Structures are given as C-alpha cells and as structure tokens.
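Notes follow once the structure below has been shown.
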Amino acid sequence: MKAKRVATFLSGLLLLCWAMTAQAVTYTVDDDSGADFSSIQTAIDKAFVNGGGTVLVAAGTYYENLTLKSNVHVRGAGLSTTTVNGNRSGHVVTATGVENVVFDGFAVVDSRLSSQGAGIYISGGNLVVSNNLVTNNLCGISIGGGSSAIIRNNIITLNGINGGFLDYGIIVNNATPLISNNIISKTRGAAIYVAWNGSSDTRIINNTIVDNDHDGIWCYKSGPTIKNNIVAGNAYGIAASHHEASETQPRISYNDVWENSENYNSQSGGVAEPGTGDISLDPMLIEPASNFARAYYLNEESPCIDAGDPNPIYNDIDGSRADIGAYGGLDGLPTPGFTGVRSGFVFTTVGKVPVSEITQTNSDQRGLANVSSQAASDLHIYPHADAPFGGKLWISGLFGPLDDNVRYYQIKVWKIPSTFPAIMLYQPLEDPLTKVMYTINTDGSVTPSRETIGPVTNYKGIKGLYKRTDRLSGSGYWAHQDLKIVWNTNWFANGLYKVAFTAYDSTLNVVPLDHNDLSDFYIMIDNSAVEATINSVKYDDGTIVKECGIITLGSDIENLQFDVTAWHPNGYLKNYVLSVLYGKNKNAGYVDLDQYAGSNDATPPVWHGIKETLDSWPAMKRGVLDPWRDPGCGYQFHLKAWARTTDGFTHIRSASFNDHYYIQLNPENSCRADLDGDGKVDGEDLSIMADEFGATDCR
C-alpha cells in the first residue's frame, strides 16, 4: 500500500516524508532529480547533500534507526501521531557532532535492549531536542562528547526497561546541555544522571521529575546547576557522590524536593543539601490521564506557583515570578509536546486564558466574550463569566508542523458591525514587538539578544508584518516563541472584535492555510474607567458632615450614612467594598460589599454597581464592622471598585476613593459641638446653637 504527497522547494530544500503503517511505503518528493525516497534517512541524506533544509515527516510509524546530519532539521507531525521505532536494534536516533539541527515532534521508542541503546544518542554538537515523547528505551536520551545540546519540552517516561540501576531517563557524560521544561517520570533507573566534572556546566532548570525508581537527579563527580525543578516521589531526590576536593558540587536552588525516600543524599565526598529557596511541600500535581495528556500540571493551590528563582531572567512567560516545574519559566508551555495542527494556524491563548475558553459568539450587536468559571479558577482569575478584555493583550498562536513555508504573518482585527466584512477590510495590528533570542555558543554558553519581530519594513508595503518565531533555530531558542502580538487595545473603541490572521512566505506571497475552529475568534474589548466615589458622609438624620470634619456621635454604635457610587458605565463591574480603617492603618471591617459572580449575575453580563446610601448599623449588627472607637480616633473610609476587565493575566481596571474624618464619642449625651463641621468647636458653633436651638441642657 502506497501513499505520497508532493512538496515544493522553497528557500533551501524542503522534503516531505509520508507514511501510514510499518509496511513498505514510498516517500515522494517533487525535486529536481525526481528521486524516490524509501525512508526518512534517505530524505535526510538527500537534504544534506543539497546543503540542508527541513525534512517534514507526516503521521505514521517508521521502523528506522536515524542518523541526523548538520543543517537538516527533522520535524514530525506530533508526538501522539508520528513514531520512530528502533525495533530494538540500536540507538533510535543518533546525532554525532551535529550542528544547527532541530529534532521535533516525534515519539521515539524501542532502542536496543542490551548494554547500549538510547532513544536519542548525542555526541558533541548542539542538537535541539524538543516536543518529543521518549519512551520504552534502555536509556531515554544519552548526551556526551562535550555536547551543548538543548533538551526542552519533552515527555521522557517509562525508560530503563531492563530495570537496571544504570538505566536512565537522561544521562550526561562530559557534556554541558541545557535540560529544561521536560517531564521525566517512571524511569526504572535514575531520571537524570550527570557524570564527571566536565559536565558541571549542565543546567537542569524547570523540569518535573517524578515517580522514578531510583534517583531524581544523581550528580557523580559533577556540579550542575539544579534550579526550579519539582523532584518528587523518587528514591533519592537529589544525590551527589564521589566528589574530589577539586570537583564542583551541585548548585541547588529554588526546587521543590518532596516525599522522596530520601530528599537529599550525600555520599563519598558529594554534597547534596537544600539550597536557597528550596522547599519540601506537596506540589499538588494533577496526574496525567495518559502519557500524552497535560502531565503533572500544577493545581491552582500548588506552592510551586510563583516560587522559583525571583531573578527576572527566569520569569514565566506572563512576566510573573517563575513557577517551579516543567510549566514555569520563559520556555514553559501549556502542554509539553503540543505542536498544533498538521497544517493551518490556531490561536492558543490570550494572556493565560485559552482561546478555546473564550466563547466565540456574534449573537447580537453587544456580543459577549465569556470566560468559563472553571477555566478562570484554574488560571487564577477571579471566578466569573461575561468578562471583557482590555489593556495590552498577549495573543499567542501556533502554525502547523507542515507549514514551514510560513515566514511572516499579520494579526488583524475587525470591530463587528451589523454585516460581516470581507477579510481585506480587517485592520492589521501594528504594535511593536521585540523578543529575546538565546544563542548557543560553541563553548556551551548562551548569549541573549533582543530582536525586533515587527512590524517589519518590506518592499511590498504590507502593514503589520511580523517575523515568525515559533520554530526554533538550531543554534538557539526564543523566549515567548509562540507570542504573536501584544495588542494595545487602549487605542481601540469598546465593542466586539473578531481576530484573524494572514500568513506569508519568504517572498511575501500569501500562504493559504487550512481553517480550523481556532483560526479566528471573537473577543469583547472594554477599557471603560470604573467610578468609585464617596459623595458624602451623613449623620443618621441626613445632616452632611463637612470634609475632614469631626463626627460627634452619642454612642459607639450610632448609625452613619454613606452616599456612594461604585459604577461601571457599561455594566461590567466585578465588585466593590466600602472598608473602614482607623488610627495607624488598623482595620475596623467594612460597611458594605457586593460582587457580580453569584450575587448579581442573573442577567449576564450587566451589573453596573450601585449609586445609593449605605448605613453603618446593619454591618455592626452582623459583626463585620467594629463599633466606633472610644476615646475618639481618626478614621478613613475607603471605597474600592473593580471592573471585570482582564488582560488575560489579571483584572486591570479599578478605582478607589478615600475620605478622612475624626470621630468623637460623647457617650453621656448626644450633643454635637462641632455644628458647622469645620473640625473646631468655636464661636461659630455657639452662634448656630443660639440661632437654631436656643438653650439646650446637656447635663
């Protein structure tokens, strides 16, 4: 049975391999020679002879042992659909001295079951291994020969099939790789083994290392950097052994090392002990439904959230302090191994909110952009529905692995009118975007540099054109690689918008791509200001207290009235609270509070708020407001109101109002000596009493 697909040459050589099962399959490429490729390896070799390029491997199972070549990237259609099976006959993938290569999007299985046999064997060079499932091998990934490889965003599980002590998830032998954002689990030996002092520049950062039969991380005569990792449920958590005095000890910091049989183990001169910022708490991991699921995702209450190294270079993609584990840091992704659709484009997130959780609707002129309560809770956004978006929106998306011809893109928006427009009427966004590119040097060090992604000047005069960065360079990687635009919505009118894209090739011709459910989406924008005002404070009889006046009360529970406004003009108020403080920032409780979710959400999405008078007595009766202080004291009445407007990370629109008074109690009577409310008892007050009240017995 045969299947074939024709691919064309773009810049460099573009080769497409197509397979369906383990049966004999023909691989056909439309190139100058009309060669008929019978294997992935044949395609790699042909690309190498032609100076390099990318081999794109479609879904299927390939029984091969691959040898990678410099300047030839090899990309599968995704770890759940594209498998390279070594058929137990040696290393499944071998990379010796390979430079400028990305190996991405495969399941790598069944290496040789003897004393040697790795899923991926690397010696020298700077190979990037990303978005793969490496499973059922004697050793998952073996790195040696001084390699400065990058091992990122992989799921490495169920390796070490012989059950021997030296069966590893990852072994590093005199090499200096970066091992980041991987999930390494259920190894029948050690998860990561770093051997010899020549491996001391290895960096093990933001990984989740759980449920392995032996060590989570074993440092043999080596001192790698071990930072921001979850190491839980293993035999030893972090172990160090057989160090000489001249050899570097492990540099350990900001890890969660929890419930291993022994969390830290030091042997024969090795020193493994808690470092700066290390914790030992239940990371609250969500167990995976399968090896392809959102494995070991952090529960919203996890102590690993915002607990990583506070240095900004380790921050999460949203700019917040790094989470500990595989989903934290600049390179953390929502789901390891996700490479998008085979062909086409999908919007993935707005901030931290998945686009799939933003209801796409155009039911009326107002429109809605809803965030489900469950999704909002998971993402640490106040649980609510019917939330508009505003401010600066970080919009991310992915092109399919078969779309390597896409080099540029536009993100376009259209404010929804009564009739739907043609695509050419969309307005391209032109907000400036820069990213950090991390270049891997020949000595294994990494150099960051800031690069302008767009808008780029081009000879066709296309507005809002940005460079694509969601495919890695073989010599480095991008921070925020999937971020497509930071849309400053503050310059746009409130209303419902549709967001779409256009793709371009290297010669700026439009690339037609398959349309998917998330190739465009609707979003409600509202940047309206919130109003929060204490219009006046009154005595119980309605008399207004002058600004900064002395409030004289007859008892410590006498009622005061507050004329307040907590209001959103378009009905998107989230909540308000009128709180009371006294003295030196002491909290006396609150007069009143209310919120949209669960209280005023009967007619979504509208809740403007309140414009009314609130009494203090009901709050005192409920015990949420303390009695007034005796003797008298300075008081601050603080009104705070929030809109439901979010940028996808947090709520961004709020207003507050502070009103200050001095409350003086006269428990024996109810005379108010400061009749004009100017804060002084003087002749003006006597004159007011004489004119309006006559003689009053205040004994």
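The values are calculated or read from the model by the stated rules, or taken from the named source; none is laboratory data. Note that the structure is predicted; figures quoted are calculated from it, not measured. Here the Cβ is made from the backbone with ideal geometry for all residues, glycine too, and neighbour counts use every protein chain on show. For accessibility, only protein heavy atoms count, side chains too; no ligands or nucleic acids. Shrake-Rupley method; radii C 1.70, N 1.55, O 1.52, S 1.80 Å.
Before moving on, here are some points about what is shown:
- Considering residues of the range 222-257 that are assigned to a strand (DSSP E or B) and either aromatic (F, W, Y) or in contact with a Leu (Cβ under 7 Å, 6 or more places away or on another chain) (or both) only, the residue farthest from S302 (Cα to Cα): Y236
- In this structure, L465 qualifies as free of Cβ contacts under 8 Å to residues at least 60 places away in the same chain, under 24 Å from M437 (Cα atoms) and either among the small types (G, A, S) or open to solvent by less than 30 Å² (accessible area, probe 1.4 Å) (or both).
- Matching strands (runs of 3 or more DSSP E) fully within the range 533-650 where at least 3 residues are touching a residue at least 40 places away in the same chain (Cβ under 8 Å): 550-553, 560-567, 573-582, 609-615, 633-643
- The residues of the range 516-533 that are open to solvent by less than 20 Å² (accessible area, probe 1.4 Å) and among the acidic types (D, E) amount to a single one, D526.
- Of the residues making up the range 181-204, those that are crowded, with 24+ Cβ neighbours inside 10 Å and touching a Lys or Arg at 6+ places or on another chain (Cβ under 6 Å) number 1.
- Close Cβ contacts (under 7 Å, 6 or more residues apart or on different chains) running from residues in the range 230-244 that are closer than 14 Å to D211 by Cβ and hydroxyl-bearing (S, T, Y) to residues that are open to solvent by 10 Å² or more (accessible area, probe 1.4 Å) and not in a strand (DSSP E or B) comprise Y236/N260; Y236/S261.
- Each residue in the range 74-94 was checked for being modelled with pLDDT of 90 or more and more than 13 Å from N132 (Cβ to Cβ), and 4 of them qualify.
Let's see how each residue does on (1) under 23 Å from A190 (Cα atoms); (2) surrounded by 17 or more Cβ atoms within 10 Å (Cβ to Cβ); (3) modelled with pLDDT under 95:
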| residue | (1), (2), (3) |
| --- | --- |
| V257 | yes, yes, no |
| N260 | yes, yes, no |
| N263 | yes, yes, no |
| M284 | yes, no, yes |
| P288 | yes, no, yes |
| L333 | no, yes, yes |
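- Output for the range 488-529, where each listed residue is of a type outside the set (V, I, T), modelled with pLDDT under 90 and in a loop (DSSP other than H, G, I, E, B): D505, S506, P512, L513, D514, H515, N516, D517, L518, S519, D520
- Of the residues screened, A295 is one that is over 20 Å from Y193 (Cβ atoms), at pLDDT below 95 and surrounded by 22 or more Cβ atoms within 10 Å (Cβ to Cβ).
- Lone unmet requirement of (1) open to solvent by 10 Å² or more (accessible area, probe 1.4 Å); (2) outside any strand (DSSP E or B); (3) under 24 Å from G51 (Cα atoms) for V98: (1)
- Of all residue pairs spaced 6 or more apart or on separate chains, those with beta-carbon atoms under 6 Å, a first member in the range 73-93 that is surrounded by fewer than 23 Cβ atoms within 10 Å (Cβ to Cβ) and a second member that is outside any loop (DSSP other than H, G, I, E, B) and aromatic (F, W, Y) are N85/Y63; N87/Y63.
- Apart from one condition, T54 fits all of (1) in a loop (DSSP other than H, G, I, E, B); (2) open to solvent by 10 Å² or more (accessible area, probe 1.4 Å); the exception is (1).
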